Amino acid sequence: PNGEKARDNGELVEALANIAKEVGREVATPEEAHRIMGINA
């Protein structure tokens, strides 16, 4: 979000989670994300 290239995927995930929270959205837990995407972990 600051215009610089992300160092890794974790930095991208953190940035997107922060944006989601800023607009009033909840962020799925890893378990919820697996269920939503149909991934059996």
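Remarks
- Neighbour counts of C-beta atoms inside 10 Å place E11, E4 in the sequence E4, E11, starting with the fewest.
- Electrostatic tally near I39: other residues with Cβ closer than 12 Å to its Cβ, Lys and Arg +1, Asp and Glu -1, net -1.
Here, each number is a calculation from the coordinates, and none is a lab measurement. Since we're looking at a predicted model, the values are computed, not measured. Neighbour counts are summed over all protein chains in view; Cβ atoms, including those assigned to glycine, are modelled from backbone coordinates with ideal geometry.
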